[in-house]
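Worksheet: the structure to be examined is printed underneath.
The values are calculated or read from the model by the stated rules, or taken from the named source; none is laboratory data. Computed from a predicted structure; not experimentally measured. Neighbour counts are summed over all protein chains in view; Cβ atoms, including those assigned to glycine, are modelled from backbone coordinates with ideal geometry. The protein model used for the area step is the full one, side chains on, heavy atoms only, and it has no ligands, DNA or RNA in it. Shrake-Rupley method; radii C 1.70, N 1.55, O 1.52, S 1.80 Å.
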Amino acid sequence: MSATDDGMSYLQSLPRRVVTLYVPLAVFLIVLLFPFYWMVITSLKPDAELLAADGNPFWVVAPTLAHFRKLLFDTAYPRWMWNTLQVSVISTFLSLAASVLAAYAIERLRMRGSRTLGICVFLAYLVPPSILFIPLAAITFQLGIFDTRFALIVTYPTFLIPFCTWLLMGYFRSIPFELEECALIDGASRWQILVKIILPLAVPGLISAGIFAFTLSWNEFLYALTFISASENKTVPVGVITELVEGDVYHWGALMAGALMGSLPVAVLYAFFVEHYVAGMTGAVKE
Amino acid sequence: MAESGSAAQGHRGRLLDNREFLGALFLLPAAILLLGLLAYPLGLGVWLGFTDAKVGSSGQWIGLENFEFLVGDSVFLLSAWNTFIYTFTASVIKFALGLWLALLLNERLPFKAALRAVVLLPFIVPTVLSAIAFWWLYDAQFSVLSWTLVRLGLIDHYIDFLGNPLLARCSVIVANVWRGVPFIAISLLAGLQTIAPSLYEAAAIDGATALQKFRHVTLPLLSPIIAVVMTFSVLFTFTDFQLIWVLTHGGPLNATHLMTTLSYQRGISGGALGEGAAISTAMIPFLLLAVLFSYFGLQRRRWQQGGADR
Amino acid sequence: MAVSLPGALLARWCLVRLRRGEPAGGASNSSGSTPRAGPEGGRGARRSMASVELRQVRKQYGQTSVIHGVDVGVRDGEFAVLVGPSGCGKSTLLRMIAGLEEISSGEILIGDRVVNRVPPKDRDIAMVFQNYALYPHMSVFDNMAFSLRLAGRPREDIQRRVEEAARVLGLGEYLQRYPRQLSGGQRQRVAMGRAIVRAPQVFLFDEPLSNLDARLRVQMRTEIRELHQRLRTTSVYVTHDQIEAMTMADRIVVMNLGRVEQSGAPLELYDEPANVFVAGFIGSPAMNFLPARLRRTPDGVEAVLGDALGLPLEGCELPDGSALTLGVRPEHFVIGSGAGLPAQVLGVEPTGADTQIFCRVCGTPVTVISRERHRFEPGGMIRLTPLPGKTYLFDAAGGQRIPTRDPRRG
């Protein structure tokens, strides 16, 4: 990951670097991170401080956890967290399993038409939920799973599978064919090759796809908003926006606390697997 | 799986070693899900667009009636116009800022990996939740942005960011840019890192200035990735829903209604499934355009890779 | 100790065998003594027959035909080398023997069994790949044990066999390492070990040495050869390097454009090439080819180069004036000053042991190797005379060797 002009950097003077590099970068960072800072500060402010006209709004004088306490004990927030977790984990694993098989079939078994199938997967990846939610609402209603977590568990794979398959195809492609041929001569069946050779070698890809898929499901909003109406079935994004906003009085503290806690799981996961996440994101774009 | 043993097992093994059969078997789970819940609803959505389906009634075929209505509907036309403005403006700004940020991050920097990780943060947190933060930042009475500007003496009364049509449009675009720049920057950074440093060294020896290096080395080698990244970005922006729904619900005076939010409002909130589906269907041609663009971007990349030194 | 010497290896191998109470070598099927049952079981008796035979084998990809009816027979215990320029179809042929490519038509027999429709794992073969194809996520031990485990062999048996093979190949201390922690030569050896532990009927090698540096390549060449001397397992070895073919093979099969040009023992091909292609491919530096013409005189038949030199021929049936190609190996020229073909010196390259002289004869570039340390200047003229009885004549049109008898030949 060397910078493009490591060797020639001796030609750059420090003041020049400050103006052309450090200052713009600092501005970028401040702008990108300020909303998070603002979320944290707001969630810790007592109501009185939130609505006070004087004082410095950038700082909190008497931090309180009242908003978090309210969220955890007086609302269905824990329930929404549990729902989101359940839906995300199940749909992620479901999608990963289906994608591993599909990607292996398309990329490695090379059956007739596998190239066309590869293109279809890419096209499926480009179909946005925004044009599917109305017919999907009708379908989930007909299937009798409307307003259940099931509706989300079966619909999330529609955008997860194309993504994961596309990503895993790229990973599988990078594994030399000779390994499979050698295993074939060694007496392995196709299934054994997949389980004992390909999957262990594609672990980074599996993690990337898994992390990314989990984040996508955790962040999903439109389907959850459309298919779920009972409070006890809602996910965090939908619950926060539909239930914590009561009339015209906005409980900013609680809203910010809810936003913060809802972001935390993905942020933590992201912190542990940054490289995999970035590889997943750029891999999907590059391949 | 099928190992040595009985003849029946041997036969099963033979079948499972047949790539056509095995391929079909492996594709089955994904195919069922995607055909049933992606391809079918896509078709159903188009069909619904030609019916007067309502929530609770399956609807009758009414031909082009929905579309004829929409063409004369000023709110729909406004939402289409808004969608274009929103997509175009946000994409251009995102691209410019994203490319700039990518170039900055590609420099020799301390804590580079950590910086990159932090930069991507806006992209990974749930959009709806970060949109709430923007909602609060844009609050008419308590906006910290207004507070700062007043203190600096630049304005004398608080700005109603989401109350005025023009300001509301700008505000939602800013929020969208905030969320989209990291994605573009990190993707382009990945592209920048694949460019061999020796090319810059060769260009330097050939007498290229920094600007010329960018113009003649960076940009051409990055262009295939730019094409793909921007297609995704345009697609995401064009079909954005969450940000608008949280910040403005399409208001004020429908000034920020996008086709997606309008189709939700008419189709789900209003119960007119047919009309909502017609609005969604109207988006498909534009999406196809984006897909084709992306496809040729990929093709070109493959062609470039043929002679590329990687 | 990075690399064991072939001699040490040989000695160790003998020790292993002696300890097991077996003759240390010689017997053509000595490896058959290893207790074994193939992956399928119940085919234990086929040890005696492990020839490989290709009958009119063809390969087509759609409309394009890449192998046009190849017939090759490799006898039990033979080390056969398929050699040819890249794209000649040698690797495809090997992969067809392995079962990795389908055969469009023809028959492949291993032992006396037609294996056309037999999947690779049931052909009782082992293959060493060009890039070794070591499983990166498995230790050396696991790499070597993989096929035995898949075959469901007992643990102790696997342990014993892998350790034995590791000892033979000098890999004993690397068994717990991973492929990425090994040098190129060690990886190559693991790939061989993986093939050995299975004690297959046939070894297939697909350019196994081309990823090694020159020095190691020479050394591994000898080691593979030594190993074959001991094991006597039928081997088919693919390479584009004719020196590898010459030094390793019991029999060379020269391929070009999907056809077998000639097959035979190394020196047989060197001495009696069937056509221009084989003559030019075998030997380094390559044979020189000069355009010539057949002339019938009252005294007999001779080949004329330019208008200068006539080489008397005997037993040639071609009509007067036929276009010929005269082939002379670089070492078969005598450099003189009086008689012979006039040659313009283009450059001189001393290699130490001998001197290579590049010159132009009748407009054709010619390479000459001489034991003496000549100091010709570029641009100077010398005279070259082909050694009597060491020239080859080919039909200029078809490239086929013309069976002539040089009257001067012993």
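Sum -39500 (n - 2.57) across every DSSP H segment of at least 4 residues in the protein assembly as shown, then divide by the residue count to get the 222 nm mean residue ellipticity, nearest 500.
-15500 deg cm²/dmol
Send over a whole-number figure in Å² for the accessible area per residue of region B:200-244, probe 1.4 Å.
42
What translational D, rounded to a whole number of µm²/s, comes out for region A:69-282 from Stokes-Einstein when the hydrodynamic radius is the Kirkwood one over Cα pairs, at 10 °C and 1.306 mPa s?
Once the numbers are plugged in, D ends up at 84 µm²/s.
Straight-line reach from A:LYS196: which aspartates and glutamates have Cα under 14 Å away, leaving out those fewer than 8 places along the same chain?
Counting by Cα, and skipping residues close in sequence, A:LYS196 has these aspartates and glutamates nearby: A:GLU180, A:GLU181, A:ASP186, C:ASP142.
May I ask you to evaluate 6.51 cos²θ - 1.76 cosθ + 1.60, the Karplus curve with θ = phi - 60°, for each residue of region C:256-270 and list the ³J(HN,Hα) values in order in whole Hz, giving x for glycine and proline?
These are the phi-based 3J(HN,Hα) values: 7, 6, x, 10, 8, 7, 6, 9, x, 5, x, 6, 4, 5, 5 Hz.
Sort the following peptides by mean Cβ neighbour count (other Cβ atoms within 10 Å, averaged over residues), highest first: A:263-276, B:97-110, C:241-254.
Going from most to least packed, we get C:241-254, B:97-110, A:263-276.
Report the calculated FRET efficiency for C:GLU272 and C:ARG75 (r = Cβ-Cβ distance, R0 = 22 Å), to the nearest 0.05.
With R0 = 22 Å, the Cβ-Cβ based efficiency is 0.60.
Hey, got the average number of other protein chain Cβ atoms within 10 angstrom for residues in A:19-27?
Average neighbour count from other chains, rounded to a whole number: 3.
Which of these, B:SER57, B:SER79, B:SER223, has the largest mean-square fluctuation under a Gaussian network model of chain B (Cα springs below 10 Å)?
Greatest mean-square fluctuation among the candidates belongs to B:SER57.
If you plug each phi of region A:146-162 into the Karplus form 6.51 cos²θ - 1.76 cosθ + 1.60 with θ = phi - 60°, what whole-Hz ³J(HN,Hα) values come out, in order, with x for Gly and Pro?
3J(HN,Hα) across region A:146-162, in whole Hz: 4, 6, 10, 5, 4, 4, 7, 4, 8, 8, 4, x, 5, 9, 7, 4, x.
Ordered by residue, what ³J(HN,Hα) values in Hz, to whole numbers, does region B:97-112 give under the Karplus form 6.51 cos²θ - 1.76 cosθ + 1.60, where θ = phi - 60° and Gly and Pro are x?
Whole-Hz 3J(HN,Hα) from phi for region B:97-112: 5, x, 5, 4, 4, 4, 5, 4, 6, 7, 6, 6, 9, x, 6, 4.
Shielding by partners for C:127-136, please: the mean number of other protein chain Cβ atoms within 10 Å of each residue's Cβ.
For this peptide, the per-residue mean of nearby foreign Cβ atoms is 5.
For C:ASP157, what accessible surface area do you get with a 1.4 Å probe? Give it in Å², rounded to 10.
20
For C:LYS390 and C:ASN116, what is the calculated FRET efficiency with R₀ set at 51 Å and r taken between the beta-carbons, to the nearest 0.05?
0.70
How many Å² of accessible surface get buried when B and A come together, counting both sides, probe radius 1.4 Å, rounded to the nearest 100?
By this definition, chains B and A bury close to 9500 Å².
When the accessible area of the protein assembly as shown is split by element with a 1.4 Å probe, what percent falls to carbon and sulfur?
62
Loop-only GluC sites (Glu not before Pro) in region C:82-175, please: DSSP not H, G, I, E or B, and at most 13 other Cβ atoms within 10 Å.
Sparse-neighbourhood loop GluC sites (Glu not before Pro): C:GLU102.
Taking H placed 1.01 Å from N in the peptide plane, check which residues at least 5 places from B:GLY59 or on another chain put their amide H under 5 Å from its amide H.
Those lying under 5 Å, H to H, from B:GLY59 are B:LYS54.
Within region C:118-158, whose backbone N sits under 16 Å from a point 7 Å along Cα→Cβ of C:GLN176?
C:138-143
Within the set of other residues whose C-beta is less than 12 Å from the C-beta of C:VAL348, count the net charge using Lys and Arg as +1 and Asp and Glu as -1.
-2
Can you list the trypsin sites (Lys or Arg not before Pro) in region C:48-139 that are in a DSSP coil and have 15 or fewer other beta carbons within 10 angstrom?
C:ARG75, C:ARG117
Sequence-distant or interchain residues sharing an amide H contact under 5 Å with C:GLU101, placed H: which?
C:MET96
How do the peptides C:294-304, A:172-182 rank, highest first, by the average count of neighbouring beta carbon atoms within 10 Å per residue?
Answer by packing, highest mean first, reads A:172-182, C:294-304.
For chain A, modelled as a GNM with alpha-carbon contacts under 10 angstrom, which of A:TRP191, A:TRP218, A:TRP59 fluctuates the most?
Of the options given, A:TRP191 has the highest mean-square fluctuation.
Using +1 at the C-beta of Lys and Arg and -1 at the C-beta of Asp and Glu, which of B:ALA208, B:ASN106, B:GLY270 has the Cα lying farthest in the positive direction of the dipole of region B:50-305?
B:ALA208
List the pairs from B:LYS94/B:LYS213; A:LYS70/A:LYS234; A:LYS45/B:LYS112 whose alpha-carbon separation is above 25 Å, in the order I gave them.
A:LYS45/B:LYS112
Spin-label point model (7 Å from Cα, Cβ direction): what's the A:THR64 to B:GLU68 distance in nm?
6.1
Given a 10 angstrom Cα cut-off, can you work out which residue in B:ARG266, B:ARG151, B:ARG179 is the most mobile in a GNM of chain B?
Looking only at B:ARG266, B:ARG151, B:ARG179, the biggest GNM fluctuation is shown by B:ARG151.
I need the per residue convex hull volume for the protein assembly as shown, using only the alpha carbons, in cubic angstrom as a whole number.
Spread over its residues, the Cα hull of the protein assembly as shown gives 250 Å³ apiece.
At 0.36 nm per residue, minus the direct Cα-Cα distance, what do C:ASP142 and C:THR64 gain on full extension? Give it in nm, one decimal, please.
24.0 nm
Around C:LEU82, which amide H atoms from residues at least 5 apart in sequence, or from another chain, sit under 5 Å from its own amide H, with H modelled in the peptide plane?
C:TYR237, C:VAL238, C:THR239, C:VAL253
First measure r as the distance between the Cβ atoms of B:LEU211 and B:VAL150, then evaluate 1/(1 + (r/R0)^6) with R0 = 35 Å and state the FRET efficiency to the nearest 0.05.
0.30
With every protein chain present, what is the per residue accessible area of region A:24-65 (1.4 Å probe, Å²)?
Accessible surface, normalised per residue, equals 52 Å².
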